[in-house]
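Asks: First, the structure itself, so that you have it in front of you.
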Amino acid sequence: MAWRKMVLVLFLFSTLGVSSAFAQHEFEVTPFGGARFGGVIDFTNSIQVPNNPNVDYYTIKSSVNYGILGDYTIFSGFPNLQAEFMWNHQPTDFDQHFVSTNTKAFLTSADLDQFEWGINYTFRDPSKRIRPYVVAGLGFTHFRSGGYLPFTNTFAYNLGVGAKYFFTSHVGVRVEGRWAPSRTTYGIAEDYFGYPIGVSNHAEQGEANAGLIFRFGRT
């Protein structure tokens, strides 16, 4: 928990510094909250195995999530394109699936932290109150599972759509939905010709979020 707070504090201080130094560019900070849905950690045909050999996958319980977004206008002459950073935290539970009985049982509480960098393209002129957008990002997910997973940090990415609504030049709200997979286990499968190939499984998750926008550098 301490390292997450440290990351958040450093990010907020860097946000204020950047917004002051590059006042000709817009910078947005958005604390947000919402819900993240689904996700399966599959051990079928995986070279990474769970502690119990009778278990073939874990499910990630749908739950709340929260975090912070930072969006920075890269080019002052192209205000619709922004670089974006996202920290997203999900406190959740894992259930394990037993092959022999086809039943599930609680395994452990867990925390998922996503750190991703990407691009946000917003439609319409920045002076408009309502601005729809598309977003995409790459980064990693940090899994904290109490030792029940054979990995900790894995590649992650996201694709999403949303809309921003500004009450004033500096304050607004945004709502969005994202598809947010995280790479999990690695296994062996056969290609079209029957030769073994490596495959990566993913925890396919979706999320819906809303947040309050604070916009700097706009007159």
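Asks: With the condition kept exactly as written, say whether any residue in the stretch 124-135 is crowded, with 19+ Cβ neighbours inside 10 Å, closer than 29 Å to ASN201 by Cβ and among the β-branched types (Val, Ile, Thr).
Replies: Taking every residue of the stretch 124-135 in turn, at least one turns out to be crowded, with 19+ Cβ neighbours inside 10 Å, closer than 29 Å to ASN201 by Cβ and among the β-branched types (Val, Ile, Thr).
Asks: Could you list all residues from the stretch 81-102 that are part of a strand (DSSP E or B) and of a type in the set (Ser, Thr, Tyr)?
Replies: THR92
Asks: Would you check which residues across the stretch 121-152 are in a strand (DSSP E or B), aromatic (Phe, Trp, Tyr) and either within 16 Å of THR73 (Cα to Cα) or touching a Leu at 6+ places or on another chain (Cβ under 9 Å) (or both) and list them? Can you show your working first?
Replies: Restricting attention to the stretch 121-152, the residues satisfying the condition of being in a strand (DSSP E or B) are 121-122, 130-144.
Filter once more, keeping what is aromatic (Phe, Trp, Tyr): 121, 133, 140, 143.
Passing the criteria: TYR121, TYR133, PHE143.
Asks: Same structure, new question: Tell me, which residue of the stretch 138-175 that is of a type in the set (Gly, Ala, Ser) and surrounded by 17 or more Cβ atoms within 10 Å (Cβ to Cβ) is nearest to PRO126 (Cα to Cα)?
Replies: So, considering only residues that are of a type in the set (Gly, Ala, Ser) and surrounded by 17 or more Cβ atoms within 10 Å (Cβ to Cβ), the one nearest to PRO126 (Cα to Cα) is GLY172.
Asks: Testing THR44 on (1) among the β-branched types (Val, Ile, Thr); (2) under 20 Å from PRO181 (Cα atoms); (3) at pLDDT 95 or above, one condition comes back false. Which one is that?
Replies: (3)
Asks: If we keep just the residues of the stretch 51-68 that are among the hydrophobic types (A, V, I, L, M, F, W, C) and under 17 Å from THR141 (Cβ atoms), which is surrounded by the most Cβ atoms within 10 Å (Cβ to Cβ)?
Replies: Let us first name the residues in the stretch 51-68 that are among the hydrophobic types (A, V, I, L, M, F, W, C), namely 55, 60, 64, 68.
Okay, now just the ones that are also under 17 Å from THR141 (Cβ atoms), so 60, 64, 68.
Details: ILE60: 24, VAL64: 12, ILE68: 19.
The selected residue is ILE60.
Asks: Of the numbered conditions (1) without any contact (Cβ under 8 Å) to a residue 24 or more places away in the chain; (2) at negative phi; (3) not charged (D, E, K, R), GLY147 satisfies every one except a single condition; which is it?
Replies: Every listed condition holds for GLY147 apart from (2).
Asks: If you don't mind, another one. Could you say whether any residue in the stretch 170-183 is more than 23 Å from PHE214 (Cα to Cα), assigned to a strand (DSSP E or B) and not aromatic (Phe, Trp, Tyr)?
Replies: Looking for residues that are more than 23 Å from PHE214 (Cα to Cα), assigned to a strand (DSSP E or B) and not aromatic (Phe, Trp, Tyr), one finds at least one in the stretch 170-183, hence yes.
Asks: So is PHE37 surrounded by 15 or more Cβ atoms within 10 Å (Cβ to Cβ) and modelled with pLDDT of 55 or more or not?
Replies: yes
Asks: Further question: Among the residues of the stretch 82-115, write down those that are more than 30 Å from ALA136 (Cβ to Cβ) and not polar (S, T, N, Q). I'd like the intermediate steps shown before the answer.
Replies: Initially, the stretch 82-115 is screened for residues more than 30 Å from ALA136 (Cβ to Cβ), giving 95-109.
Within the stretch 82-115, ASP95, HIS97, PHE98, VAL99, LYS104, ALA105, PHE106, LEU107 meet the criteria.
Asks: Give, as residue ranges, the strands (runs of 3 or more DSSP E) completely inside the stretch 23-80 that count at least 3 residues that are within 21 Å of PRO132 (Cβ to Cβ).
Replies: Numbers: elements: 27-37, 40-42, 55-60, 63-73.
It comes to 27-37, 63-73.
Asks: In addition: When both residues are 6+ apart or on different chains and their Cβ atoms are under 8 Å apart, which pairs have a first residue that lies in the stretch 112-128 and is closer than 11 Å to LEU81 by Cβ, and a second that is charged (D, E, K, R) and crowded, with 22+ Cβ neighbours inside 10 Å?
Replies: Matching pairs, first to second residue: ASN120/ASP71; THR122/LYS164.
The values are calculated or read from the model by the stated rules, or taken from the named source; none is laboratory data. These figures come from a predicted structure and were not determined experimentally. Cβ coordinates were reconstructed from backbone atoms using ideal geometry, including for glycine residues, and neighbour counts include every protein chain displayed.
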